[in-house]
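Have a look at the structure below before the remarks.
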Amino acid sequence: MFGLDKKDFNLFLVVAAMALLAPFILNPFPTDSALAQFNAGYPDLMQRFVIFGIFAIGFNILFGLTGYLSFGHAAFLGVGSYSAVWVFKLLGMNVLPAIALSVVVAGLFALLIGFVSLRRSGIYFSILTLAFAQMSFNLAYSVLTPITNGETGLQLTLNDPRILGSSATADGSIPVTNLLPGLEIRSAYDLVIGPWSFTFNVGYYLCALFLLLAFYLSVRIFRSPFGMMLRAVKSNQQRMHYTGLNTRPYTLAAFVISGMYAGLAGGLMASMDPLAGAERMQWTASGEVVLMTILGGAGTLIGPVLGAGFIKYFENIFSKINDNVLHGWFAFMPDGLEDFIVTIIHPFIGKGWHLTLGILFMLVVIFLPGGLVEGGQRIAKMFRKKSEGTDTHVDAKHPAE
Amino acid sequence: MDAIILQILNGLDKGSAYALIALGLTLIFGTLGVVNFAHGALFMIGAFCAVTVQRILTLSYEVVDETQTDFLGNPLKVKVPYVESWFGPETGAAIIDWAVPLAILFAIPIMIAIGFIMERGLIKHFYKRPHADQILVTFGLAIVLQEVIKYFYGANPIPTGAPDVFRGSFDFGVLLGFDPNAIIYPYWRLVYFSFAALIIGGVFAFLQFTTFGMVVRAGMADRETVGLLGINIDRRFTIMFGLAAAVAGLAGVMYAPINSPNYHMGMDFLVLSFVVVVVGGMGSLPGAVLAGFLLGILESFASMNEVKSILPGIDQIIIYLVAIIILLTRPRGLMGRKGVMED
């Protein structure tokens with residue numbers, strides 16, 4: 001259906017169900033229970049899952065398919081954010097033109113950077129993209145202050161023209177982003193069932209729809225002859241050259257597409273919360289999307305989404321846990337042991353989340369180069385082997401007959 | 001003229017740091033063929049060695065000083081560092097004052113040990129894996145090292161002073177016949193530059209004039225043949241990794257008074273050092289040193305007000321700009337050899 005084969009369509013349905021039912025899935029614990037801190041079903045976090053999912057899907061189209069490791073993808077996200085905020089400042093508070101413009105601008109920017117960077121490959125490509133991204137970051141921080149508002153970050157003010165909207169609302173505050181006139185991005189509907197409370201937020205569902213679109217497009221790209229060509233570039237670019245084929249248009253197209261995904265993510269980010277700062281373009285931000293993609297499984301369809309969700313979820317949860325919470329958990333132990341365990345875990349929680357992430361990432365790269373998806377496949381295989389093992393065992397009995 | 005000399009001098013100390021880190025990176029890349037994204041973290045650990053030594057030396061105990069009283073009239077408690085009570089106040093104070101140079105002695109064994117552990121424990125397993133995997137795993141390691149340092153030392157920069165003798169500035173202007181105060185240069189930066197020159201010279205002499213260095217160079221040219229001659233080249237390469245870690249660490253120790261160490265200084269320098277390596281030519285030691293100084297000086301020229309008024313913001317991007325131009329016009333870098341990392 002929709003040009004997908006059965007397996008991909010099922011995968012798409014799973015992603016669609018997960019995205020659309022996220023407010024339920026992510027809120028399994030009643031609001032007042034002690035476990036409510038593991039709930040992730042509030043709009044801000046869900047939006048982050050989805051936006052970074054889009055970002056990682058786009059990065060995966062470049063890295064997963066062609067093997068070109070870009071260390072500067074955050075630049076496109078940053079450019080997307082800035083253009084979206086400028087639309088809010090100049091045009092009006094509707095998010096659709098803002099998102100459209102951020103995709104286009106990021107695409108053009110990616111075309112420019114990709115055209116230069118893709119002349120080299122391997123580590124040189126990584127360093128070129130890194131250099132471009134750092135250049136954009138440094139410029140956004142210093143000289144381009146009239147456009148980017150430097151360190152403070154670009155924000156909406158009451159003096160913005162907003163020709164299709166109003167500079168200020170009736171009560172004199174800055175207007176908020178909307179999807180349709182009257183339908184605000186931040187508006188939400190709370191559904192209370194017994195002790196549970198589920199929040200349905202307009203912004204989240206907008207992001208989720210874009211995620212589904214992004215995911216669908218990436219499936220189509222993976223299965224298309226174009227995707228096949230990109231995989232060929234990854235496995236042996238030299239052989240492609242020998243057959244007389246110029247691979248650069250293909251890699252450039254992949255680069256621009258993934259840049260546009262990053263722009264979309266940036267535009268959505270600005271639509272949810274209309275500000276943009278230079279730190280979104282820093283190379284550590286580019287490193288983060290690399291982590292997400294690798295952790296989930298580069299080159300797989302679902303991997304980047306999983307990786308983005310995984311990192312953002314645990315970042316949120318780990319940062320919330322503090323020593324008191326830990327003491328609560330281990331209260332059943334003898335006091336000395338309890339203190340000992342809390343002391344050991346202490347560096348890894350709260351502000352130490354990045355330490356946990358770094359260790360986790362290293363373990364994945366060392367032992368599980370295919371990421372979470374490969375881990376899942378291995379576990380599935382183990383079970384299958386077991387059942388197959390019993391099957392062959394049964395078969396082995398039969399031939400005697 | 002004096003402005004130009006001043007900018008060249010200003011570029012030298014940053015250039016020295018770039019050159020030292022890039023030298024280590026190139027050593028590792030040339031011998032083991034590994035792209036080490038954790039090298040900046042080694043530089044940072046070196047700087048924190050200086051902090052640690054300073055902290056150890058200033059460990060104190062409290063004594064009640066009967067001659068002085070605090071504002072409540074009680075006898076004042078004075079902190080006395082152990083070092084001062086052992087060696088007498090004057091020698092003790094001098095030792096504390098020279099904490100940073102003393103940290104060199106402390107840093108060398110530590111950095112070599114860290115280098116050995118890193119190579120044997122982690123990087124050894126990545127020789128056969130693609131460069132992208134090496135980048136990723138060392139990137140992860142860099143995050144971990146950085147966070148460990150942040151856990152123990154906090155997120156704020158820790159001021160670490162140079163010895164008092166080097167606190168002042170040297171007036172080059174008088175020496176060269178310009179007006180006094182035209183070219184002023186802090187002593188410590190002069191020390192840093194000489195130190196860097198010494199280390200760079202030492203590494204080159206070691207590679208050029210010792211048998212060990214000769215074998216390593218032979219191994220860089222053709223690892224397999226050297227191995228066939230019955231030489232355990234892997235062990236020597238491990239030692240070179242330790243040496244490269246020590247070079248980065250020493251660069252960090254001596255840099256501590258110039259810029260107060262903080263946990264992300266490694267990452268800041270790493271990005272630039274990679275650019276330096278690429279500009280110099282992947283795998284070329286003289287190239288790395290040359291490019292390090294060149295880019296350091298270029299950066300300081302670009303930050304002159306005269307240049308900035310013509311091309312605003314150029315000081316922020318000059319290094320990257322140069323790298324992009326070099327990579328596109330001279331793919332092998334300034335002094336790169338043929339056949340190293342070409343694809």
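The values are calculated or read from the model by the stated rules, or taken from the named source; none is laboratory data. Fair warning: this is a prediction, and the values are worked out from it, not measured in the lab. Neighbour counts are summed over all protein chains in view; Cβ atoms, including those assigned to glycine, are modelled from backbone coordinates with ideal geometry.
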Check: If you check every pair at least six apart or on different chains, which have Cβ atoms under 7 Å apart with a residue in the stretch A:202-223 that is surrounded by fewer than 22 Cβ atoms within 10 Å (Cβ to Cβ) first and a residue that is among the hydroxyl-bearing types (Ser, Thr, Tyr) and outside any helix (DSSP H, G or I) second?
Finding: A:202/A:187
Next item on the list: Could you grab the pairs with beta carbons closer than 9 Å, sequence gap of 6+ or different chains, first residue in the stretch B:221-242 and of a type outside the set (D, E, K, R), second one assigned to a loop (DSSP other than H, G, I, E, B) and buried (at least 16 other Cβ atoms within 10 Å of the Cβ)?
Entry: B:241/B:34; B:241/B:36
Note to self: Being modelled with pLDDT under 80 and closer than 26 Å to residue A:298 by Cα is true for just one of A:385, A:381. Which residue is that?
What the structure shows: A:385
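This table checks each residue for (1) closer than 16 Å to residue A:253 by Cα; (2) more than 7 Å from every other protein chain (Cβ to nearest Cβ); (3) at pLDDT 85 or above; (4) in contact with a His (Cβ under 9 Å, 6 or more places away or on another chain).
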| position | (1), (2), (3), (4) |
| --- | --- |
| A:94 | no, yes, yes, no |
| A:103 | yes, yes, yes, no |
| A:111 | yes, yes, yes, no |
| A:122 | no, no, no, yes |
| A:128 | no, no, yes, no |
| A:143 | no, no, no, no |
Check: How about the stretch A:25-49: which of its residues are among the hydrophobic types (A, V, I, L, M, F, W, C) and over 18 Å from residue A:312 (Cα atoms)?
Finding: A:29, A:34, A:35
Next item on the list: Would you check which residues across the stretch B:122-135 are within 11 Å of chain A (Cβ to nearest Cβ) and free of Cβ contacts under 8 Å to residues at least 60 places away in the same chain and list them?
Entry: B:122, B:125, B:129, B:130, B:132, B:133
Margin query: Can you confirm whether residue B:103 is touching a helix residue (DSSP H, G or I) at 6+ places or on another chain (Cβ under 8 Å) and of a type outside the set (S, T, N, Q)?
Written below: yes
Margin query: touching a helix residue (DSSP H, G or I) at 6+ places or on another chain (Cβ under 9 Å) and closer than 26 Å to residue A:200 by Cβ: which single residue out of A:105, A:95, A:14 fits that description?
Written below: A:95
Notebook entry, point to check: Does at least one position in the stretch A:35-48 carry a residue that is farther than 24 Å from residue A:186 by Cβ and free of Cβ contacts under 8 Å to residues at least 12 places away in the same chain?
Noted result: yes
Next item on the list: Output the residues belonging to the stretch B:199-217 that are closer than 15 Å to residue B:238 by Cα and free of Cβ contacts under 8 Å to residues at least 40 places away in the same chain.
Entry: B:212, B:213, B:215, B:217
Next item on the list: Return yes or no: is residue A:200 outside any helix (DSSP H, G or I) and modelled with pLDDT of 85 or more?
Entry: yes
Margin query: Of the conditions (1) away from every other protein chain (no Cβ under 14 Å); (2) among the hydrophobic types (A, V, I, L, M, F, W, C); (3) surrounded by 15 or more Cβ atoms within 10 Å (Cβ to Cβ); (4) out of contact with any Ser or Thr (no Cβ under 8 Å at 6 or more places or on another chain), residue B:149 satisfies every one except a single condition; which number is it?
Written below: (1)
Check: On the given criteria, is residue B:259 surrounded by fewer than 21 Cβ atoms within 10 Å (Cβ to Cβ), away from chain A (no Cβ under 14 Å), over 19 Å from residue B:116 (Cβ atoms) and not aliphatic (A, V, I, L, M)?
Finding: yes
Checklist line | Criterion violated by residue A:300 - all others in (1) assigned to a helix (DSSP H, G or I); (2) within 17 Å of residue B:136 (Cβ to Cβ); (3) among the β-branched types (Val, Ile, Thr); (4) more than 12 Å from chain B (Cβ to nearest Cβ) satisfied | finding: (1)
Note to self: Quick check on the stretch A:240-294: of everything there that is outside any helix (DSSP H, G or I) and surrounded by 24 or more Cβ atoms within 10 Å (Cβ to Cβ), which residue is nearest to the other protein chains (Cβ to nearest Cβ)?
What the structure shows: A:276
Next item on the list: Tell me the helices (runs of 4 or more DSSP H) entirely within the stretch A:306-396 that contain at least 2 residues that are in contact (Cβ under 8 Å) with a residue 40 or more places away in the chain, surrounded by 12 or more Cβ atoms within 10 Å (Cβ to Cβ) and within 12 Å of chain B (Cβ to nearest Cβ).
Entry: A:353-367
Check: Looking at (1) surrounded by 16 or more Cβ atoms within 10 Å (Cβ to Cβ); (2) under 26 Å from the mean Cα position of the chain (by Cα); (3) of a type outside the set (Phe, Trp, Tyr), which is the only condition residue B:235 fails?
Finding: (1)
